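Participant: Sharing a structure here in structure tokens format.
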Protein chains: 2
Amino acid sequence: MREEKVFVFGHQSPDTDSICSAIVYTHLKKVLGLNAEPVRLGEINKETEYVLNYFEVEEPQLRDEVSEEVSQVILVDHNERQQSVSDLDKVQILEVIDHHRIANFETESPLYYRAEPVGCTTTILYKLFKEQQVEIEPKIAGLMLSAIISDTLLFKSPTCTPEDEKVAQELASIANVNLEEYGLDMLKAGADMQGKSIEE
Amino acid sequence: MREEKVFVFGHQSPDTDSICSAIVYTHLKKVLGLNAEPVRLGEINKETEYVLNYFEVEEPQLRDEVSEEVSQVILVDHNERQQSVSDLDKVQILEVIDHHRIANFETESPLYYRAEPVGCTTTILYKLFKEQQVEIEPKIAGLMLSAIISDTLLFKSPTCTPEDEKVAQELASIANVNLEEYGLDMLKAGADMQGKSIEE
Ligand SMILES: [Mn+2]
Ligand SMILES: [Mn+2]
Ligand SMILES: [Mn+2]
Ligand SMILES: [Mn+2]
């Protein structure tokens with residue numbers, strides 16, 4: 001790790017894509033030599049909790065502000081200022097990986113910005129792993145798959161593309177899970193909001 | 001060609017990168033099946049004229065407005081609204097390929113946005129050809145090389161990265177030109193600006 005720490009995070013009120021993309025892209029950037037760390041801008045929802053438990057991955061640390069700890073950040077799964085960290089204007093945005101429209105976004109310097117009109121951020125991350133020729137480990141594949149299932153509601157949302165589905169099939173095989181079965185369990189865990197807060 | 005026509009263009013007062021990127025990216029998109037056509041938003045400068053003559057490539061047609069002819073556009077080498085076509089708000093921005101900061105840019109829908117902090121748009125286009133596994137023909141390589149030479153002033157500008165230089169070497173070999181010799185001739189043709197009065 002040669003460089004200063006960089007935080008990687010998704011939007012406020014994080015969904016499964018925002019949390020998993022932060023963890024997964026941090027992993028890729030670390031392999032590529034960046035001193036990256038995933039953080040989250042809000043509480044983890046039940047669905048995401050299920051995912052992190054299932055694949056035995058730690059949740060990112062919570063942050064309200066970032067500028068006292070880092071001077072550079074990477075945004076995943078969002079770009080609009082009002083969805084991001086409160087002190088975004090005090091740090092440099094090094095990269096954005098996203099699948100939403102662009103709005104209320106401005107930088108002072110050139111940056112790496114990668115957006116594609118697909119159903120989920122991790123569908124784009126899948127391509128970045130391939131382009132960088134970094135192997136996707138089963139645990140990482142599981143997180144990426146979970147984000148696609150979540151954002152596309154198991155391929156039923158109108159934002160889902162054939163590419164999301166193809167990537168998800170591939171990831172399910174790497175993660176060694178039954179896509180349909182795992183997907184339904186995961187979505188059910190997210191929908192099941194009553195008793196679970198006691199167990200925490 | 002299965003789809004409606006899409007215009008591809010760079011910024012107003014076009015430089016060699018804006019003209020060549022429009023031609024080169026149009027070529028790639030056509031190979032990939034899109035009905036693309038390059039246009040330009042202003043007069044071609046002497047340097048670009050030299051480049052197009054050298055590689056025997058036609059200049060794109062001039063447009064002030066685009067929305068009466070197309071409903072979708074692709075921007076290269078710029079993103080800021082005030083540098084773009086006057087009726088940009090009346091069309092859908094399908095893609096942006098650029099190497100500048102992002103500002104005054106907003107879309108209603110998700111899009112393909114590819115920006116990298118390199119010295120020239122065609123350095124990014126080079127990667128897109130590789131990713132799509134489309135061969136770069138000598139003429140196309142010549143245009144891409146010329147844009148890099150122009151934007152980096154033969155690798156002397158502070159915005160030039162090692163990647164720009166590496167890509168330029170590769171392109172020079174495909175285009176079968178002597179990089180230094182061609183580069184100096186090209187820059188000299190641009191510096192030779194007797195007739196030029198409107199801008200700069
Ligand atoms: Mn999200
Ligand atoms: Mn998402
Ligand atoms: Mn330019
Ligand atoms: Mn340029």
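Participant: With θ set to phi - 60° and the Karplus curve 6.51 cos²θ - 1.76 cosθ + 1.60, what are the ³J(HN,Hα) couplings of region A:121-126 in order, to the nearest whole Hz, using x for Gly and Pro?
Facilitator: So the Karplus estimates, Gly and Pro as x, are 4, 6, 5, 6, 4, 3 Hz.
Participant: Measure nothing fancy, just the Cα-based angle from helix B:162-175's long axis to the longest principal axis of chain B, in degrees from 0 to 90, nearest 10.
Facilitator: Roughly 80 degrees, rounded to the nearest 10.
Participant: Separate question: Going by how many other Cβ atoms sit within 10 Å of their own, how do A:Thr161, B:Thr16, B:Thr26 line up, fewest first?
Facilitator: Fewest to most other Cβ atoms nearby, the residues stand as A:Thr161, B:Thr26, B:Thr16.
Participant: Given the convex hull over the Cα atoms of region B:107-148, what projected area results after averaging over all orientations, in nm²?
Facilitator: Directional mean of the projected Cα hull area for region B:107-148 stands at 3.8 nm².
Participant: Let me ask something additional. Extent of region B:1-123 along each principal axis, from alpha carbon coordinates, in Å, largest to smallest?
Facilitator: Result for region B:1-123: principal-axis Cα extents of 40, 33, 26 Å.
Participant: Next up: Relative to the longest principal Cα axis of chain B, at what angle does helix B:16-31 sit, 0 to 90 degrees, rounded to 10?
Facilitator: With both axes taken from Cα atoms, the answer is about 60 degrees.
Participant: Follow-up. Apply the Karplus parameterisation 6.51 cos²θ - 1.76 cosθ + 1.60, with θ equal to phi minus 60°, to every residue of region B:85-97 and state each ³J(HN,Hα) to the nearest whole Hz, in sequence, with x for glycine and proline.
Facilitator: Listing the rounded values in order: 5, 5, 9, 4, 5, 9, 10, 8, 8, 7, 8, 9, 10 Hz.
Participant: Another question about this same structure. Give, to the nearest whole percent, the P(r) tail of the protein assembly as shown beyond 28 angstrom, counting all Cα pairs.
Facilitator: Value for the protein assembly as shown (Cα pairs over 28 Å): 50 percent.
Participant: Sort out for me the Cα centre separation of region A:52-112 from region B:165-183, rounded to whole Å.
Facilitator: With region A:52-112 and region B:165-183 each reduced to a Cα centre, they are spaced 38 Å.
Throughout, read-outs are computed from the coordinates displayed, never taken from laboratory work. On a predicted model such as this, the values are computed, not experimentally measured, just so you know. So basically every Cβ, Gly included, is an ideal-geometry build from the backbone, and we count neighbours across all protein chains shown.
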